[in-house]
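The values are calculated or read from the model by the stated rules, or taken from the named source; none is laboratory data. Since we're looking at a predicted model, the values are computed, not measured. All Cβ positions, glycine included, derive from the backbone under ideal geometry; neighbour counts span all protein chains shown.
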Amino acid sequence: MKLFYASGSSSMAPHILLEESGMSYSLEKVNLDAKTWDGGDYNLLNPKSYVPVLKTDSDSVLTECAVILEYIGGQTNGNHLIEKYGSRSYWEQRMWLNYIATELHKNFISPFRKGNWLPNTDDSKKFVYNRVLPRLKLVDNVLKQQEYLVNNKFSAPDAYLFVITNWIKRLGYSFDAFKNLQRFDSKMRERTAVQRVLDQEGKAHTLQEKG
Ligand SMILES: N[C@@H](CCC(=O)N[C@@H](CS)C(=O)NCC(=O)O)C(=O)O
């Protein structure tokens, strides 16, 4: 499998899950400003023009972070990254993946910029903060009783949630109202797979390239 990624973006979630899974994979860095990668025009690979993309071993091109996470989890056996299809735990994971994709990930995107980008001005940061605040509070409340989202053990939705807590930090939002999310973020940073991913990705792509 090959993951097309940009440092510090939502592609970090499948990157973490690949690393946690122990499966072999390779990485291709995408230049989101020029829309290029080592193989040329990135838009030819993904006409949606964003990361992540996962190229599977059978050369299918998968897009949409939540779907890619489910795919990776489904390739592994017995480690609960994604539970057995149809079980109660599976549906809980599906609900979280969908919630994070549509209520958190999407709401962190600035409506004032072309494409899918985090806010880059004080006004847009405030605007986004007001949208994500109630949604983050909901997750924070759930994490009062547990360390991870489903069955209190690490699984695919936690990798996605870490992208969000990492963005809280990047955007300079305070964790004061989200103490449980802060604990979650610290716990995730203790995981060897997460440390490897942060090292591999290095400095996050800047928030300032696009106006
Ligand atoms: N619906 C997509 C959204 C992916 C997305 O927002 N990707 C951002 C990075 S977090 C991106 O590549 N933005 C570049 C652009 O839109 O130009 C998903 O869920 O995977």
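Yes or no: the range 17-24 includes at least one residue that is under 12 Å from Val197 (Cβ atoms), more than 12 Å from the ligand (Cβ to nearest atom) and in a loop (DSSP other than H, G, I, E, B). Checked against the condition, which is being under 12 Å from Val197 (Cβ atoms), more than 12 Å from the ligand (Cβ to nearest atom) and in a loop (DSSP other than H, G, I, E, B), the range 17-24 yields no hits at all.
If you check Ser21, Ser7 for being surrounded by 13 or more Cβ atoms within 10 Å (Cβ to Cβ), in contact with a Lys or Arg (Cβ under 7 Å, 6 or more places away or on another chain) and not assigned by TED's automatic domain parsing to the domain that holds Val150, only one passes: Ser7.
Is it the case, given these coordinates, that Ala34 is within 12 Å of the ligand (Cβ to nearest atom), without any contact (Cβ under 8 Å) to a residue 12 or more places away in the chain and either of a type in the set (Gly, Ala, Ser) or under 18 Å from Val197 (Cα atoms) (or both)? Against the criterion (within 12 Å of the ligand (Cβ to nearest atom), without any contact (Cβ under 8 Å) to a residue 12 or more places away in the chain and either of a type in the set (Gly, Ala, Ser) or under 18 Å from Val197 (Cα atoms) (or both)), Ala34 qualifies. For Phe127, state whether it is assigned to a helix (DSSP H, G or I), away from the ligand (no atom under 16 Å from the Cβ) and surrounded by fewer than 20 Cβ atoms within 10 Å (Cβ to Cβ). Yes: the conditions hold for Phe127. Mind listing whichever residues of the range 58-87 are surrounded by 15 or more Cβ atoms within 10 Å (Cβ to Cβ), aliphatic (A, V, I, L, M) and not in a helix (DSSP H, G or I)? Of everything in the range 58-87, those that are surrounded by 15 or more Cβ atoms within 10 Å (Cβ to Cβ), aliphatic (A, V, I, L, M) and not in a helix (DSSP H, G or I) turn out to be Leu62, Leu81, Ile82. The set of residues from the range 56-113 being within 11 Å of the ligand (Cβ to nearest atom) and closer than 22 Å to Glu28 by Cβ comprises Leu62, Thr63, Glu64, Cys65, Ala66, Val67, Ile68, Leu69, His105. Screening Tyr148 on (1) touching a residue at least 60 places away in the same chain (Cβ under 8 Å); (2) within 16 Å of the chain's Cα centre (by Cα); (3) assigned to a loop (DSSP other than H, G, I, E, B) shows it passes everything except condition (1).
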